[in-house]
Amino acid sequence: MAKGSIVAGCLAPHPPHLVYAENPPQNEPNSEGGWEQLRWGYERLRDSLAKIDHDVLVILSPHWQTYVGTHFLGLSHFEGLSVDPIFPNLFRYSYDINIDVELSKAIHDKAADAGLAVKMMNNPDFRVDYGTITTGHMVNPAFDKPLVVISSNRSRHYYSVEVMQEMMMELGRATRDAILESGKKAVVLASNSLSHRHFTTESDVPEDMSREHIASHAMHLWDMRIIDYMRTGQAQRIIDEMPEFTEQAIAESDGGGLTWLLSTLTVPDYPAILHGYGTIIGTGNAIVEWPCYAHEEV
Amino acid sequence: MNDSILASYVVPVHPHPLLVPEQNEGWQRLRDAFDEARDQIAASDADVIIVYSTTWPSIIGHQIQADPNPTWTLVDQDFHDLGSMDYSFRIDVEFAEAWNKANHSRGLQSRTVAYNGFPIDVGSVVALKLLNPDNRIPAVIVSSNVYANRAETTVLAKACLDVLGKMGKKAVAVTAMSMSNRMFTEFIEASDDKIHSLKDDEWNRKVLEFLEEGRLEDVAQLSRTIHQQIRVQKVVTFKPMWWLSAMNNNRNDLTGKVLAYEALYGAGGAVVHLDPTSNGKGDKEYDEDDVETYQGERNVLDSEETDTSVAEASPNTGPALWNPAEGEDAVNTESAPKPVGLYPHARRVGDLLYLSGVGPRQPGTNAIPGGPIRDGNGSPLEYDIKEQTRAVVENIARILEEAGSSMEKVVDVTSFLVDMDRDFAGYNEVWAETLGHYGPTRTTLAIRALPTPIAVEMKVIAKI
Ligand SMILES: [Fe+2]
């Protein structure tokens, strides 16, 4: 069997607002658009990924939160209605997704070998989290490629950002090893925003862009700092500054997705492509691609 | 004082007592306690069960479930292998809508949610399935706002009590919450379950001891400490006790009973019954500011500018104005601001003249020189304390003159400042230029608020 590879790694945040703004047939609510900068960013990411041959999308979403170990969707098919508990007015989405159970199980096994607590999720009634669905939709609205869906272990909350990073570095290595052994070409996606301070009010018209801006200057500075590291091939500095970033920017990277992503890419020292940046009710969101295919042996 | 809360319960959030009580004796004891609570509720006259759930976080204020019949199948994010939880609840939509409105009128962000497939959280599902299995009593569920602090959470309860009072309904209040919430991070056998650490266990027992003594408000006041000691920062802090205590008029003399306390995958799970009947022990002092309406900082991150010109043009925010009370010995004048209650500007007793508290409001226009201290929405405004103090002294001079007295004859002054740190120096400067010249005794106090949006008021005694 040919050696598998990670062809691209992406930071692909999951604000349901982007799906809402697009008015896809799967989503019930209707909008007059909004957040175009970010949606154009996703368009560029989609175009970019369309040019890279790949078999599977591997997603880690901070909205499947597990406190006891890291879990993997373990059945080949899930369908249902995903309603965002925070923004049910924006996101009520009928999903129908396929899972690459073989690869999920392979990552699960590698992670178990590395000493991580892991579990397969085999309950057919399980509702797939809206972070996974949103990122999945924005990257591949047809959902015509299978996914691997990994839960976000909340070790940050139980211990510290440092412990979270250790575990996520390990999980990243397990993910990479399993992909390489699988013979498959994978895109890995961390479904998280950057700075994560929300507004606590919503406009009557949620897509009123005259109300949208970063929550504070400090959040902006943090976002730009992290993006700069991404664009200049300094992923290690992101890992190094993750404790401060996560605390000070209340960043959604606390869910481990970004650390895991960088680990699957062996902490890249080549520049990432910034496809877009914008804010969603005050939070900072960047759509970023590490074009591994151009830098690694694929 | 309300008597609309018939009983309160604290219940745990994890699904084990619902799905697999037989796997562990402690889980079974929690289940038995749920069943006991269920029977007590069934025997009560409750018109509605109100659930405040810590496993339903919200960001845009509080959310209130308002789907008349939410129906779905819930699978726990961690414990999916224990089985699925089908639910179909009966929601008191009229109550939910009224509570939402009451929240707004008390200054809270709030909205109702009524969407097919809305993911009702595990804490609410476990609570309602076990406490009210046949939906005999309609329910209301409210979220836990991740940003809300004590003031917001207290006002949320008061708005709820407003509605109970208005609708004449009796309620059972339930908080779905863990005590200590640190679970094991490795997979354990059901038979190996225990409280994660001795420290967590000791704190849980202390909190439960308080609750068993009916000291709900004491637990509420310890919320932040309890959070720091035995809570892992998940989404929300140990805030449900703020809500539950306010639902019970912040009392410490309830009749409490711990029906069960056991481990749930390391976390502390307790079923507690709080009966509003006084246990006869003395109630304790309520040591934090009480809050009636929420005027908090929730919009500090929003750049929307406050239109100060509007606020300045309408200094009338505050209580209604009265004509000064007439009466023998009363001294009233058109050239002093109208009272905010039924009292005269001053009163003569022998050769002494007692003035009612005098502020800076201008007679006639009611404007506040130096500007009001807050706008109509309660948001703070910049103001000039010296201007305000000067206006107070001028008002005092006019009342004294009307009574045939004058500034030289002032004997004693009590001054009230709403912000001692900010304003004392400016106020003191004007004092020295004016009344201070004449040598009356003086006492200056810091107080929380005055009835109108002013920063200073003086109470004067003078000779005639
Ligand atoms: Fe999120």
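One-quarter of the Cα convex hull surface for the range B:1-43, in nm²? Walk me through the intermediate numbers first.
On the way: hull surface 14.8 nm².
Orientation-averaged projected area of the Cα hull: 3.7 nm².
Once Rh is set to the Kirkwood radius over Cα pairs, what Stokes-Einstein translational diffusion coefficient, in µm²/s, holds for chain B at a temperature of 25 °C and a viscosity of 0.890 mPa s?
Taking Rh from Cα pairs, D becomes 97 µm²/s.
Taking the Cα-to-Cβ direction at B:ALA42 and at A:GLU244 and moving 7 Å from each Cα, how far apart do the two end points lie in nm?
So the two model labels end up 6.1 nm from each other.
FRET efficiency for A:MET209 and B:MET420, Cβ-Cβ distance as r, R0 = 45 Å, nearest 0.05?
It comes to 0.50.
Could you calculate the contour length gain from B:SER105 to B:SER406, that is, 0.36 nm times the residue separation minus the distance between their Cα atoms, to one decimal place in nm?
Between B:SER105 and B:SER406, full extension yields an extra 103.8 nm.
Which percent of Cα-Cα pairs in the range B:158-200 sits in each 10 Å bin, short to long?
Cα pair-distance distribution for the range B:158-200, in percent: 20, 30, 16, 17, 18, 0.
Give me the accessible area of B:HIS437, 1.4 Å probe, in Å² rounded to the nearest 10.
130 Å²
At 1.4 Å probe size, with every protein chain present, just tell me what the per residue accessible area of the protein assembly as shown comes to in Å².
In whole numbers, the protein assembly as shown has 38 Å² accessible per residue.
Could you tell me which of the pairs B:LYS166/B:LYS206; B:LYS199/B:LYS257; B:LYS129/B:LYS257 are separated by over 32 angstrom between their Cα atoms in the structure shown?
B:LYS166/B:LYS206
Sum -39500 (n - 2.57) across every DSSP H segment of at least 4 residues in chain B, then divide by the residue count to get the 222 nm mean residue ellipticity, nearest 500.
On the way: 12 runs with 139 residues, N = 464.
That comes out to -9000 deg cm²/dmol.
So for the range A:75-224, what are the equivalent ellipsoid semi-axes in whole Å, largest first, each being the square root of 5 times an eigenvalue of the Cα gyration tensor?
Computed over the range A:75-224, the values are 30, 22, 14 Å.
Restricting the calculation to Cα positions, tell me the Rg (one decimal) and the Dmax (whole number) of the range A:192-298 in Å.
Here Rg and the maximum Cα pair distance are 14.7, 51 Å.
Would you list, by chain and number, the aspartates and glutamates whose Cα falls below 20 Å from the Cα of B:LYS281, excluding same-chain residues fewer than 8 positions away?
B:ASP3, B:GLU209, B:GLU212, B:GLU213, B:GLU217, B:ASP218, B:ASP253
Using the Cα atoms as the points, what is the convex hull volume per residue of the protein assembly as shown in Å³? Mind dumping the intermediate values first?
Details: hull volume 132.4 nm³, N = 762.
It is 174 Å³ per residue.
Can you tell me the orientation of helix B:198-212 relative to chain B, as the angle in degrees between its alpha-carbon axis and the longest Cα principal axis, to the nearest 10?
So the helix axis and the longest Cα principal axis differ by about 70 degrees.
With a 1.4 Å probe and every protein chain kept in, tell me what percent of the accessible surface of the range A:5-294 is carbon plus sulfur.
Carbon and sulfur: 48 percent of the exposed surface of the range A:5-294.
To the nearest 100 Å², how much accessible surface do chains A and B cover up together, summed over both, with a 1.4 Å probe?
Its buried surface, counting both partners, is about 3900 Å².
Could you work out how far helix B:122-131 tilts from the main Cα principal axis of chain B, as a 0 to 90 degree angle to the nearest 10?
70 degrees
Once you have the Kirkwood Rh of the range B:330-463 from its Cα pairs, apply Stokes-Einstein at 25 °C and 0.890 mPa s and quote D in µm²/s.
Answer from the Stokes-Einstein relation: 165 µm²/s.
In the range A:38-70, which trypsin sites (Lys or Arg not before Pro) are in a loop and have at most 13 other Cβ atoms within 10 Å, using DSSP for the loop call? Can you show the working numbers first?
Working: sites: A:ARG39, A:ARG44, A:ARG46, A:LYS51; in loops: A:LYS51.
For trypsin sites (Lys or Arg not before Pro) across the range A:38-70 that sit outside H, G, I, E and B with at most 13 neighbouring Cβ atoms in 10 Å, the list reads A:LYS51.
Relative contact order for chain A: what is it in percent, counting Cα pairs under 8 Å that are at least 6 residues apart?
On the way: 674 pairs, mean separation 92.2, N = 298.
Here the relative contact order equals 31 percent.
Would you pull out the residues with amide H under 5 Å of A:VAL118's amide H, same chain only if 5 or more places away, H placed 1.01 Å from N?
Residues meeting the amide H criterion: A:THR70.
Mean projection of the alpha-carbon convex hull of the range A:1-148 over all orientations, in nm²?
Working: hull surface 38.2 nm².
Seen from a random direction, the Cα hull of the range A:1-148 projects 9.6 nm² on average.
Can you give the direction-averaged projected area of the convex hull of the alpha-carbon atoms in the range A:12-67, in nm²?
Computing the convex hull of the Cα atoms and averaging its projections yields 5.4 nm².
State, as an integer percentage, the relative contact order of the range B:330-463 based on alpha-carbon contacts under 8 Å between residues 6 or more apart. Before the final figure, lay out each step's value.
On the way: 252 pairs, mean separation 41.8, N = 134.
Relative contact order for the range B:330-463 comes out at 31 percent.
What are the semi-axes of the equivalent ellipsoid for the range A:226-276, taken as the square roots of 5 times the Cα gyration tensor eigenvalues, largest first, in whole Å?
Numbers: eigenvalues 59, 29, 21 Å².
Its equivalent ellipsoid spans semi-axes of 17, 12, 10 Å.
Tell me what chain A gives for mean residue ellipticity at 222 nm when only DSSP H runs of n ≥ 4 count, each as -39,500 (n - 2.57), the sum divided by the residue total, rounded to 500 deg cm²/dmol.
Taken over chain A, the calculation gives -11000 deg cm²/dmol.
Determine the shielding of peptide B:104-116 by partner chains: average, over its residues, the number of Cβ atoms on other chains within 10 angstrom of each Cβ.
For this peptide, the per-residue mean of nearby foreign Cβ atoms is 2.
Given a Förster radius of 30 Å and the C-beta distance between B:ALA325 and B:ASP384 as r, what FRET efficiency does 1/(1 + (r/R0)^6) yield to the nearest 0.05?
Between B:ALA325 and B:ASP384 the formula returns 0.45.
Using a 1.4 Å probe on the protein heavy atoms, what percent of the accessible area of chain B belongs to carbon and sulfur?
Here carbon and sulfur together make up 48 percent of the probe-accessible area.
So how long is each side of the range B:20-61 along the principal axes, counting just the alpha-carbon atoms, biggest first, in Å?
Principal extents (Cα only, largest first): 40, 29, 11 Å.
Can you list the lysines whose alpha carbon is less than 25 Å from that of A:LYS185, not counting same-chain residues fewer than 8 positions off?
Partners within reach: A:LYS3, A:LYS51, A:LYS105, A:LYS110, A:LYS119, A:LYS145.
On the first, second and third principal axes, largest extent first, how far apart are the outermost C-alpha atoms of the range B:5-275 in Å?
49, 38, 36
Just want to confirm a number: the relative contact order over the range B:5-275, from Cα pairs under 8 angstrom separated by 6+ residues, in percent.
For the range B:5-275, the relative contact order is 30 percent.
Restricting to chain A, what percent of DSSP beta bridges are antiparallel, rounded to 5? Present the calculation step by step, with values, prior to reporting the outcome.
On the way: 19 of 41 bridges.
For chain A, the DSSP antiparallel bridge percentage is about 45.
Which residues of the range A:106-127 end up with at least 40 Å² less accessible area in the presence of all protein chains than when their chain stands alone, using a 1.4 Å probe?
Residues passing the criterion (a loss of at least 40 Å², heavy atoms only) are A:ALA117, A:LYS119, A:ASN123, A:ASP125, A:PHE126, A:ARG127.
Have a look at the range A:70-89 and report residues whose accessible surface goes down by 40 Å² or more when the remaining protein chains are included, against the chain on its own, probe 1.4 Å, ligands and DNA/RNA excluded.
A:LEU81, A:VAL83, A:PRO85, A:ILE86, A:PRO88
State the answer as a single residue: which of B:ASN249, B:TYR52, B:PRO15 lies farthest towards the positive end of the charge dipole of chain B, with beta carbon charges of +1 for Lys and Arg and -1 for Asp and Glu, about the Cα centre.
Projecting each Cα onto the dipole axis, the largest value belongs to B:ASN249.
Determine, at each q value in 0.12, 0.14, 0.16 (inverse angstroms), the log₁₀ of I(q)/I(0) that the Debye formula gives when each Cα of the range A:5-294 is one equal point scatterer.
-0.69, -0.97, -1.32
For the ranges B:137-147, B:165-175, what's the packing order if you count other beta-carbon atoms within 10 Å of each residue, average per peptide, and put the highest first?
Highest-to-lowest ranking by the protection proxy: B:137-147, B:165-175.
Provide the packing ranking of A:115-126, B:241-252, i.e. peptides ordered by the mean count of other C-beta atoms within 10 Å per residue, highest first.
B:241-252, A:115-126
Looking at the range B:1-130, I'd like the Rg to Rh ratio, where Rg is from alpha-carbon atoms and Rh is Kirkwood's inverse mean 1/r.
0.98
Using alpha carbons only, how many degrees (0 to 90, rounded to 10) separate the axis of helix B:150-167 from the longest principal axis of chain B?
With both axes taken from Cα atoms, the answer is about 80 degrees.
Could you sort A:LYS145, B:LYS239 by accessible area so the largest value comes first, with the probe set to 1.4 Å? Numbers along the way, then the final one.
On the way: A:LYS145 60, B:LYS239 0 Å².
Order by accessible area, largest first: A:LYS145, B:LYS239.
Which residues of the range B:61-89 end up with at least 20 Å² less accessible area in the presence of all protein chains than when their chain stands alone, using a 1.4 Å probe?
For the range B:61-89, once contacts with the other chains are taken into account, B:GLN63, B:TRP72, B:THR73, B:VAL75, B:GLN77, B:ASP78, B:HIS80, B:ASP81, B:SER84 lose 20 Å² or more.
If you look at just the Cα atoms of the range B:74-217, how large are its Rg and its Dmax in Å?
17.9, 50
Reachable lysines from B:LYS459, Cα under 23 Å, same-chain residues fewer than 8 places away excluded?
List returned: B:LYS338, B:LYS386, B:LYS409.
The values are calculated or read from the model by the stated rules, or taken from the named source; none is laboratory data. Quick caveat: nothing in here was measured; it's all calculated off a predicted structure. Neighbour counts are summed over all protein chains in view; Cβ atoms, including those assigned to glycine, are modelled from backbone coordinates with ideal geometry. Keep in mind that these areas ignore ligands, DNA and RNA; they rest on the heavy atoms of the full protein, side chains included. Shrake-Rupley method; radii C 1.70, N 1.55, O 1.52, S 1.80 Å.
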